[in-house]
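See structure below.
No value in this document is a laboratory result; all are computed from the given coordinates. On a predicted model such as this, the values are computed, not experimentally measured, just so you know. Quick reminder, even Gly has a Cβ in these numbers, built from the backbone with ideal geometry, and neighbours come from all protein chains shown.
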Amino acid sequence: MIRCETDHSVFFRRSSTHKFIYLVVYVDDIVITGDDQEGIKALKQHLFNHFQTKDLGPLRYFLGIEVAQSKSGIAISQRKYAHSRRDRTYSCSNP
């Protein structure tokens, strides 16, 4: 895999059939995506063999961002984060 020059937490690989795999790593969180399903399967197996990892299935939450995938597309939201910030704010009375 090749490390992205502009974001060192992103890695990618292009297969001989011009399909891509992207690997995003942040501390102990990993996201794997791309259009090379066989390559993704092989990469996941490699990670399972060398590290203590767990496949959590389709991406639902990453770095404070909720991810909802459907046939019509992908929606991302920071609703939980916004609610947590709202709950931490205090109202001030202005005379």
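Residues in the range 10-17 include at least one that is out of contact with any Asp or Glu (no Cβ under 7 Å at 6 or more places or on another chain), of a type outside the set (Phe, Trp, Tyr) and under 30 Å from Arg85 (Cα atoms).
For Lys54, state whether it is basic (Lys, Arg) and in contact (Cβ under 8 Å) with a residue 12 or more places away in the chain. No: the conditions fail for Lys54.
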